[in-house]
Structure formats: structure tokens, C-alpha cells
1. Please list the non-local residues whose amide H lies under 5 Å from the amide H of ALA143, H modeled 1.01 Å from N, same-chain partners needing a gap of 5 or more.
2. Taking segment 208-295 on its own, what percent of its Cα-Cα pair distances exceed 22 Å?
3. Calculate how steeply helix 3-16 sits against the longest principal axis of the alpha-carbon atoms of the chain, using the helix alpha-carbon long axis, and give the answer as 0 to 90 degrees to the nearest 10.
4. Quick check: the angle from helix 64-73's long axis to the longest principal axis of the chain, C-alpha only, nearest 10 degrees?
5. Label THR403 and ARG378 with points 7 Å out from Cα along Cα→Cβ: what is the distance between them in nm?
6. Please go through segment 299-405 and write out the GluC sites (Glu not before Pro) that DSSP classes as loop and that have at most 10 other C-beta atoms within 10 Å.
7. Where in segment 224-300 are there trypsin sites (Lys or Arg not before Pro) that are in a DSSP coil and have at most 12 other Cβ atoms within 10 angstrom of their Cβ?
8. With the cut-off at 1.5 for a/c, could you classify segment 91-268 from its C-alpha gyration tensor as rounded, prolate or oblate?
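Values quoted throughout were computed directly from the atomic coordinates according to the rules given, and no laboratory measurement underlies them. Since the structure is predicted, the reported quantities are computational estimates derived from the model, not experimental observations. Neighbour counts are summed over all protein chains in view; Cβ atoms, including those assigned to glycine, are modelled from backbone coordinates with ideal geometry.
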Amino acid sequence: MSRRSTASTSRDVRDAVIDCAAVTSASQSSALDDARGAGSAALAKVPEELDLEPVEGLPRLVGRRLHRLLFRAISMIEQPNETLAEPITPTRGWFRRDRHRHPVVDPNTYRLTVNGVARPRTFSLDELRALPWTERITVMECAGNGNHWMGTCGLVAQGRFRGPSLATILEACGGPGTSTHFAFHGLDPMRPLRPGYHYGLSLEELLGAGAIVALELNGEPLPRPRGFPARLVVPGIYSMSHVKWLGRIEGLDRPHRGFWNRHVFVNKRRRGRRWVKEEARWIGLKSAITRCLRDQDGWMLHGFAWGGGAPVAQVEVTFDGGTTWHRAEVLGPTDYLDDPPDDPEALRYAWSVFRIPWRPERPGRYRLGSRATAADGRVQPLERDPDLRGHFDVVHVKWRDVTVP
């Protein structure tokens with residue numbers, strides 16, 4: 001696809017997908033109803049957007065408002081609804097999931113220490129900025145997003161991250177030395193209660209994912225809640241590994257056995273007659289319908305498909321709880337971006353966007369869902385994996401109930 005045709009497609013997507021908030025304008029709604037002539041009085045009562053109600057989890061038990069308050073109390077804030085159809089999540093709409101406090105880091109005195117490598121070294125922020133930079137347009141997702149307690153699916157976003165790659169930083173230190181694994185430590189301690197957040201991955205995983213130490217998000221320095229001045233970004237792996245306020249990179253000759261790796265972000269997998277601990281890691285293939293917006297005499301459903309490590313080949317949507325499925329229009333990152341990076345590696349873990357028109361025959365209650373198919377033939381499962389127990393890497397179809405007036 002040429003850059004000119006890509007730009008044209010991107011403009012179309014912005015008109016129909018990205019600028020969804022515009023349809024909620026009262027003046028536009030009034031003008032649209034007036035233009036329809038006969039029947040406009042009835043249509044004026046139709047909302048501009050229908051609520052997508054989770055079929056499981058806390059929202060079902062306590063209601064959406066109390067659910068949001070409870071989540072905020074434990075530092076879980078989902079994307080606002082108006083950003084859930086934007087391929088690049090604006091910084092203002094970024095989800096939040098914190099384990100500690102937000103430290104105030106002075107960029108003039110900031111240091112990143114790297115040890116356990118061939119030549120241990122400490123980098124100032126200026127020295128990190130002086131290294132060659134890499135770009136990654138990638139999904140960032142909480143490992144527990146969309147699980148059976150949460151119900152909703154808003155702890156996910158996609159951003160344009162830039163900074164030196166981990167490989168570049170290790171090269172500046174003479175290479176990894178004998179280290180086969182690395183632990184990443186944040187500058188967010190709550191002394192004397194506990195040290196800052198830390199998480200570990202293997203060198204193979206880090207290099208395979210194309211990990212970077214991000215200094216920018218969407219063309220601007222990282223905001224403080226997003227990890228200023230530097231955070232680890234590991235495309236394709238859940239964001240518990242994307243350590244914010246990064247202060248130390250520790251080379252190891254064995255897997256990191258920290259608290260978060262061993263006891264928190266783990267599921268149990270059935271192995272014969274036993275249930276064995278399994279750390280959450282790579283984002284699985286999944287999709288979700290995120291908006292249901294009025295579209296002339298019907299509705300337009302919007303959503304995202306991501307994960308699985310392979311391009312999304314198709315997305316199907318059901319309006320009747322899975323009895324019938326219909327193919328949606330799917331656009332990959334080179335279609336919806338005006339200026340996609342020349343390096344295809346930068347887009348390997350970006351999501352696809354999809355949309356599909358819906359014309360329900362009558363008012364009533366409908367159950368909607370979407371399922372993605374990857375280019376390698378894998379299909380998003382309809383139900384939860386019976387051989388997996390836990391809150392993480394929940395990939396089955398995100399069912400939503402909708403009431404059509």
C-alpha cells in the first residue's frame with residue numbers, strides 16, 4: 001500500500017472510528033434528526049451510544065459506578081470511554097495500574113545503574129538521550145485485564161514509545177557478560193515498608209520482544225504517572241514487566257525470583273493430575289468490542305484485536321450470543337497510521353482496529369462478542385481455558401449485553 005493510499009485510509013478511519021466522541025455532540029444529534037424528516041421525533045429519543053454491559057465480574061454485581069470507585073481505591077483506572085476507539089491512546093486517556101507511589105524524579109540528578117554485565121555503568125538522562133533511539137508502536141496491557149473479577153476490559157492502551165533499545169544499552173556496557181536474565185528495579189519504594197517495584201525476564205525474552213527503555217510517549221517526555229523519566233517497555237509481554245521510574249537494571253545468571261514474579265503474576269496450569277504455577281508472560285490473542293455508536297438508522301460497533309504474536313487475519317462479531325458470526329472490517333497499523341515507521345519490527349505488537357455495522361431487527365436485549373483469528377490460524381476461544389486457573393492472560397471472548405431501545 002502506498003503512503004498516499006495509507007493516508008487516505010487513515011483519514012477514513014479517523015472519520016468513522018477515531019472521532020467517535022464527536023457523535024455525542026447535542027447539536028450534531030439535533031441536526032441529524034432534523035435531516036431525517038419523518039420519524040425524527042422518535043429518533044431523537046435514541047441515544048448516540050449504547051452501553052456495553054459486562055456479563056461477569058464486579059460491574060455485574062455492584063454496578064458500573066461503584067465498580068469504578070472500588071477500582072480507583074486500589075489504583076486501577078481504566079481508559080475513559082471516549083478514547084476506546086482511538087488506535088493511538090492519548091496520554092490523557094491512558095489506563096493506570098500502580099503497585100506503589102508515584103515518585104518525583106529530578107531529571108538533572110537521575111541515574112540508571114546497570115550491573116551484572118561486562119562493564120557495569122551508570123547512565124545520566126542526557127547519556128541515555130544521546131544513545132541511538134528505537135521506536136515501538138505497541139499495545140500495553142495489564143495482565144489481569146478483562147478477567148472474571150474485573151469484567152470490563154479497559155486496562156489496555158496503545159502508544160508510540162521511543163528511546164534506546166535494551167540491546168543498545170547492553171552494548172554500551174560491553175554486552176550482557178554471563179547474564180542470562182535481568183531484573184528491573186523502579187524508583188518507587190515505600191520505605192520502610194517495602195522496596196520499589198521489580199520484575200525479571202530472561203535475556204531471550206527481552207531481545208525477542210525488542211525491549212526498549214522508553215523516554216517518550218506519543219512524541220512527548222513520559223508523564224510522571226507513566227514512569228518519567230524512563231520506563232522499560234517490552235512489546236508483546238504484559239505490562240507488569242514494563243517497570244516505571246526505572247532506576248536499576250540487574251544482570252543475573254538465573255531467573256529473577258522476586259515477589260512479583262513468584263507470587264503475584266502467576267496462574268496455575270493443569271499438568272496431568274497436578275496444578276503447576278505458571279508466570280504470566282506473553283499477551284494472548286484476543287479482541288474486544290469497545291464502542292456501540294449510532295450510525296444513521298442503526299449502530300456501528302468498534303473494537304480492537306491484538307496479541308498472539310502474529311498479525312490479525314480477521315475478526316468476527318456475533319449479535320446473538322454466538323449462534324451466528326459476521327466478518328468485520330479490519331485495519332492493521334499500516335492502514336490506520338498516517339506515518340507508520342519504516343521498520344516493520346516497530347509494529348509487530350501493534351493492535352488492529354475493526355468495525356462492523358449492526359441493524360437490529362427490533363428493540364430488546366442482545367449479547368455481543370468478537371473473536372479474532374490470527375494469520376497462523378489460531379482462533380480466540382469462546383470460553384475460558386479449563387486447564388488454566390488464575391486472573392491473568394484471560395483471552396476468551398469478552399461477552400457484552402446491549403439493550404436496544
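1. Counting only residues 5 or more places away or on other chains, the set is SER239, MET240.
2. 47 percent
3. Value to nearest ten degrees: 60.
4. Tilt of helix 64-73: around 10 degrees.
5. 3.8 nm
6. Passing both the DSSP loop test and the Cβ count: GLU361, GLU383.
7. Values: sites: ARG226, ARG231, LYS244, ARG248, ARG257, ARG262, LYS268, ARG269, ARG270, ARG271, ARG273, ARG274, LYS277, ARG281, LYS286, ARG291, ARG294; in loops: LYS244, ARG257, ARG273, ARG281.
Sparse-neighbourhood loop trypsin sites (Lys or Arg not before Pro): ARG257, ARG273.
8. Rounded.
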